[in-house]
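Engineer: Once you've had a glance at the structure underneath, I'll fire off some questions.
The values are calculated or read from the model by the stated rules, or taken from the named source; none is laboratory data. Everything numeric here is computed off the predicted structure, so don't read it as measured data. Here the Cβ is made from the backbone with ideal geometry for all residues, glycine too, and neighbour counts use every protein chain on show. The accessibility values were calculated without ligands, DNA or RNA, using every heavy atom of the protein model including side chains. Shrake-Rupley method; radii C 1.70, N 1.55, O 1.52, S 1.80 Å.
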Amino acid sequence: MPPLDYKKQDRRLYLPSASPAVVNVPEMQFFMVDGTGNPNAPDGEYSHALELLYTLSYAVRMGGKKGAFPAPDYLEYVVPPLEGLWWNSGQNPSANKNTFRWTSMIRQPGFITAEAFEYARMNAMKKKPHLNVEMARMASFAEGLCVQCLHTGSYDDEPATLARMHVFMEQSGLRPDTLGMRTHHEIYLSDPRKTPAERLKTVLRLPVLKA
């Protein structure tokens with residue numbers, strides 16, 4: 001039996017069309033790290049968050065295979081892609097990146113429990129003591145009604161795709177809804193270390209309400 005792969009199982013969420021469309025996103029659980037500042041800053045808060053998230057995510061995947069924590073419903077699975085929620089005080093996508101606020105996160109299967117998360121934290125403390133595991137949390141997120149589409153190209157070119165999404169929203173009788181964690185959402189399908197900027201694939205998602 002092939003490993004559980006959410007990119008294949010939930011294609012509507014992870015492999016959308018390049019044309020904007022409405023999607024209703026169900027509740028899911030994540031490992032999350034909150035932070036501020038420029039994501040491109042070398043050795044900055046964002047790079048620390050990513051290392052922490054991947055360390056924890058791979059620890060629970062491998063720990064489950066080894067029976068390191070109770071997980072009676074454990075299945076082999078592929079670690080899902082990195083995601084990020086982004087905002088700033090003025091909700092201005094062209095704002096100085098140093099003012100960005102963000103929540104970086106990686107989805108976790110439903111059978112990953114609080115005990116599994118604690119195991120991953122303890123594992124990270126032993127193997128990578130430079131990581132601040134206290135920054136990480138496990139939480140559920142019910143995103144609900146959104147407009148999303150696939151953006152291909154540099155992250156700096158996203159405003160053109162977002163503009164098309166806003167036109168679609170207006171034509172569809174929808175309006176932005178930024179309440180709580182419902183904010184600009186990105187899912188990173190490509191590794192920027194290995195992929196040319198013009199070929200990067202990113203799911204862009206905006207929360208909406210009916211106007």
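Engineer: Would you mind working out the magnitude of the charge dipole of the stretch 18-101 relative to its Cα centre, with +1 at each Lys and Arg C-beta and -1 at each Asp and Glu C-beta, to the nearest 20 Debye?
Structural biologist: My answer is approximately 80 debye.
Engineer: So what is the relative contact order for the stretch 1-55, in percent, with contacts set as C-alpha pairs under 8 Å and at least six apart?
Structural biologist: 19
Engineer: Something else now. Quick one: pull the percent of accessible area on the chain belonging to carbon and sulfur, 1.4 Å probe, ligands and nucleic acids left out.
Structural biologist: So the carbon and sulfur contribution to the accessible surface is 54 percent.
Engineer: Then there's this: Pairs of Cα atoms under 8 Å, at least six residues apart: use those to get the relative contact order of the chain, whole percent.
Structural biologist: Over the chain, the number comes to 29 percent.
Engineer: Any chance you could give the angle, 0 to 90 degrees and rounded to 10, that helix 45-66 forms with the longest Cα principal axis of the chain?
Structural biologist: Roughly 50 degrees, rounded to the nearest 10.
Engineer: Ignoring ligands, DNA and RNA, what accessible area per residue does the chain give at 1.4 Å, in Å²?
Structural biologist: 52
Engineer: Express the relative contact order of the stretch 146-211 as a whole percentage, based on alpha carbon pairs under 8 Å and six or more residues apart in sequence.
Structural biologist: For the stretch 146-211, the relative contact order is 52 percent.
Engineer: Helix 158-171 versus the longest principal axis of the chain: what is the Cα-based angle in degrees, 0 to 90, to the nearest 10?
Structural biologist: Long axis of 158-171 versus the principal axis of the chain: about 60 degrees.
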